[in-house]
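The block underneath contains the structure these notes are about, expressed in structure tokens.
The values are calculated or read from the model by the stated rules, or taken from the named source; none is laboratory data. As the structure is a computational prediction, the values presented were derived from the model and not from experiment. Note: ideal-geometry Cβ built from the backbone for every residue, glycine included; neighbour counts use all protein chains shown. These area figures cover heavy atoms from the full protein model, side chains too; ligands, DNA and RNA do not enter into them. Shrake-Rupley method; radii C 1.70, N 1.55, O 1.52, S 1.80 Å.
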Amino acid sequence: MPAVRMASAHRFLGRAHRMLWLRAPAAAVVLLFVLVAAVLGGCEYSYDDGRGELPDAAPVVTDPVLPRDPLENEPVSGQELTEWAKEVLPDAEGQVFHTSYGSVAKGGSKTESTKQLPGGTYSLTLACRSERRVSFTVRDAEFALVDLSLRCGTSRVNVVHLSEDSVLRVTVEARSDANFAYRISRI
């Protein structure tokens, strides 16, 4: 004969009470976090920096960006080249040892050498004028001291240190017609 197991109703009620007892603290913790978040979310940090409020009729200041002149990077020659070189290589502080400027044809390069420079620290100011980048390489007898591709329309100043007397070789390479200018001065 099959056995029928009987369970008391108290057993099921006890299990239900335990489940409610476990759920109640979890709900209370969640409710506490919600209340704390609501209270903290309403906080605002403010301070007095000593400045007063702006008047209502304060002028609006805008800083418009003017478009670049497309002819600004076109290579030039003659007197215009001389004027451009003076503009991009303003008077340098310190003793100037070498200044040069000129033109490089499309796909060409030009290498120039300085006279013997005494050991010390020098600033090299490099500039170019072209529709594309121009590469500058400055070497002493052993190493490339500067090797960069310069975006034309800006000047770049590099600082190099020569530990002994050296002759520097400056090579300028361009993919399109370009003007270049550089100055080597002692700091």
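In the condition set (1) closer than 20 Å to residue 90 by Cβ; (2) buried (at least 19 other Cβ atoms within 10 Å of the Cβ); (3) aliphatic (A, V, I, L, M), residue 168 is compliant with all but (1). For beta carbons closer than 6 Å, sequence separation of 6+ or different chains, a first residue in region 148-160 that is farther than 16 Å from residue 94 by Cβ and a second that is open to solvent by 90 Å² or more (accessible area, probe 1.4 Å) and part of a strand (DSSP E or B), the qualifying pairs are 150/156.
Of the residues that sit in region 78-96 and are assigned to a helix (DSSP H, G or I) and within 31 Å of the chain's Cα centre (by Cα), which one is farthest from residue 187 (Cα to Cα)? So, considering only residues that are assigned to a helix (DSSP H, G or I) and within 31 Å of the chain's Cα centre (by Cα), the one farthest from residue 187 (Cα to Cα) is 81. In region 121-143, the count of residues that are open to solvent by 10 Å² or more (accessible area, probe 1.4 Å), farther than 19 Å from residue 109 by Cβ and in contact with a Gly (Cβ under 6 Å, 6 or more places away or on another chain) is zero.
Looking across 108, 94, 78, one residue alone is out of contact with any Leu (no Cβ under 9 Å at 6 or more places or on another chain) and at pLDDT below 90. It is 94.
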